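Structure, as structure tokens:
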């Protein structure tokens with residue numbers, strides 16, 4: 001009986017000493033690896049080893065802190081990163097070819113010379129033209145004049161002329177041309193109160209300038225010289241001109257200054 005109780009005291013004392021040793025080992029951090037008494041406590045954390053120091057320029061950037069944002073207005077509020085689709089070229093419309101036909105409208109004055117008085121005739125005219133090409137143009141025109149002739153007679157006159165225009169530089173800004181042709185005319189002349197009808201046949205030539213101001217409009221200015229002779233029944237017995245020395249003639253000449261517009265369609 002005594003031995004039994006002594007054995008129980010020894011067992012209790014051994015257990016108490018084992019528990020006390022384990023607690024001291026756990027508090028001192030001396031648990032051996034794999035000991036089941038240390039499973040509930042995590043191993044102490046190790047301090048990280050210091051790494052290499054950054055270069056001086058990076059260290060200065062880190063000490064300066066993050067960069068400041070740009071001032072307002074320096075960056076767009078919204079950026080469109082979409083790629084623009086290239087526009088397809090629009091088909092060019094071919095210009096409508098001009099007709100070879102055109103019309104000329106003009107004002108003109110006739111210089112006839114004079115003996116002992118002022119002579120001058122003024123009028124208007126119009127022509128229908130047909131272009132064979134850029135160089136050659138056929139002109140059929142009608143003109144009307146009124147005023148005082150070389151002899152001082154009051155007269156009105158109408159003429160019909162056909163001319164060929166030759167353009168020397170048709171593709172330049174200012175085009176130059178020469179012209180030549182034939183004409184016929186009739187005149188109503190007041191010879192000291194006697195109203196007489198005279199007729200003429202003649203030829204003319206000249207040169208001029210043509211200035212296009214639009215695809216269908218141009219300005220024209222030319223100087224035309226002419227020579228002609230009377231052909232009416234009274235011309236043989238009553239010549240038109242005399243020099244006062246008995247020299248009579250029905251041949252006369254003069255010059256026209258013409259300016260106007262040419263309309264194309």
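The values are calculated or read from the model by the stated rules, or taken from the named source; none is laboratory data. Here the structure is a predicted model, which is why all the values come from computation and not from measurement. Backbone-built Cβ (ideal geometry, glycine too); neighbour counts: all protein chains shown.
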Might you check whether a residue that is surrounded by fewer than 19 Cβ atoms within 10 Å (Cβ to Cβ), in a strand (DSSP E or B), within 28 Å of the chain's Cα centre (by Cα) and touching a residue at least 24 places away in the same chain (Cβ under 8 Å) occurs anywhere in the stretch 189-196? no
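Yes/no per residue for (1) in contact with a strand residue (DSSP E or B) (Cβ under 8 Å, 6 or more places away or on another chain); (2) surrounded by fewer than 18 Cβ atoms within 10 Å (Cβ to Cβ); (3) within 29 Å of residue 138 (Cα to Cα):
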| position | (1), (2), (3) |
| --- | --- |
| 207 | yes, yes, yes |
| 210 | yes, no, yes |
| 213 | yes, yes, yes |
| 228 | yes, no, yes |
| 234 | yes, yes, no |
| 247 | no, yes, no |
| 251 | yes, yes, yes |
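Going residue by residue through the stretch 203-214, is there one that turns out to be more than 44 Å from the chain's Cα centre (by Cα) and on the phi < 0 side of the Ramachandran plot?
Step one: of the stretch 203-214, the residues more than 44 Å from the chain's Cα centre (by Cα) are 203.
Now restrict to residues that are on the phi < 0 side of the Ramachandran plot: 203.
Yes, the stretch 203-214 has at least one match.
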Could you go through the stretch 138-151 and let me know if any residue there is surrounded by fewer than 16 Cβ atoms within 10 Å (Cβ to Cβ), farther than 21 Å from residue 111 by Cβ, modelled with pLDDT of 95 or more and touching a strand residue (DSSP E or B) at 6+ places or on another chain (Cβ under 6 Å). yes
